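The next block holds one structure in the form of structure tokens; read it before the comments.
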Amino acid sequence: MARESEFLSLSDAALRAVIGPQSRHLALIEDAFKVLVETPGGGVSINGSTRDRAQARRVIEALSNRAEAGAEITEADVRTALGAAVTQPRAEPAGRSTGRSVPEGAALPVGRRGAIAPKTASQARYLEMLGRCELTFGVGPAGTGKTFLAAAYGASLLKRGQVDRLVITRPAVEAGEKLGFLPGDLNEKVDPYLAPIWESLNDILGVDDVRRRREKGEIEAAPIAFMRGRTLSHAFIIVDEAQNTSRMQMKMVLTRLGEGARMVVTGDPSQVDLLNPRDSGLAHALRILKDVEGVGVQQFKSEDVVRHAMVERIVRAYDSDAARSRPFPDLEDDA
């Protein structure tokens, strides 16, 4: 197949992002598509077959769009874009991230590290569900952005006045170790369990804004046990680490939805920390609610991991081992 060259104009910021530290990003693109990418000035020159150039161009354009939106481009972003170009070469129109457009009505805020946007097709579908469904389940391995995007979406609704409160809850279950007695008031006791959420919100809204909104009651955090008896109206509710809820807890928290409220439930069914994993309310809820009107389910996989590339390889290794050993039968088959 004939190898030809084409030139793609880029701004200085986009060019720096596409090149990467010590030309690492360019090297990844060249290795993935067997192309030669050079930087003669004002852009990049791509040399290779027609198909390989087209795939490399999609990745470069996606990274450029994200850089132009003010986002920091990491190696994880490059690897995600490479995977998207290979598996879905003719996917949705390019957005502000790795070629994924942000669904209408889901204008996400700009975080401290730049514009927030979906990085994979699964994340784009997830955001679309958050805007369309009253109840959305985001399930899959760590590092797929399911909790971060839920927090970003909820923060965007709060900033635009479309909800009055952002309510965050999760079960107070230790991940295989006892934390012992935690001193302080309710917030001080709960905060260690919600550290990932606070980190996300601090990145999205800023530490001062999060603190101010917590003091005003616009952002509230509580263990699932404290949800009993409440009706949450005009709120966006995030139920995190839902694989560690019991069936009764899951039913209780799902029925807290009030007028004008939306809820997203996130979790990883493969990381249940309950004494009896069969009691996980997440697997049970997914089985009985998946066809209910107004419910959306987005299943993330290892290829959706957007942390360090090593995380995806770790997730794949654990998934393979679980498939071989399967200490418990499918929870979905358990009535």
For this session: Express in Å², to the nearest 10, the accessible area of Arg170 obtained by rolling a 1.4 Å probe over the protein heavy atoms while all chains stay in place.
Result: 30 Å²
Exercise. How big is the equivalent ellipsoid of the range 1-52 along its three axes, where each semi-axis is √(5λ) from the Cα gyration tensor, reported in whole Å from largest to smallest?
Worked result: 19, 13, 7
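Net charge near Glu4: determine it from the other residues with C-beta under 12 Å of the C-beta of Glu4, scoring Lys and Arg +1 and Asp and Glu -1.
Within the 12 Å Cβ shell, the charges total +1.
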Exercise. What ranking, highest mean first, results for peptides 225-232, 23-30 when packing means the other Cβ atoms within 10 Å averaged over each residue?
Worked result: 23-30, 225-232
Problem set entry | Solvent-accessible area of Lys301 with every protein chain in place, 1.4 Å probe, in Å² to the nearest 10 | 110 Å²
Exercise. Between the range 228-267 and the range 143-157, what is the C-alpha centre distance in whole Å?
Worked result: 16 Å
For this session: Excluding Arg247 itself, calculate the net charge of residues whose Cβ lies under 10 Å from the Cβ of Arg247, where each Lys or Arg counts +1 and each Asp or Glu counts -1.
Result: +1
Exercise. Going by a ≥ b ≥ c, the root eigenvalues of the Cα gyration tensor, does the range 226-325 fall in the rounded group (a/c under 1.5), the prolate group (a/b larger than b/c) or the oblate group?
Worked result: prolate
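The values are calculated or read from the model by the stated rules, or taken from the named source; none is laboratory data. All of these numbers come straight from a predicted model, not from anything done at the bench. Virtual Cβ from ideal backbone geometry, glycine too; neighbours counted across all protein chains shown. Just the protein is used for accessible areas: all its heavy atoms, side chains included, with ligands, DNA and RNA removed. Shrake-Rupley method; radii C 1.70, N 1.55, O 1.52, S 1.80 Å.
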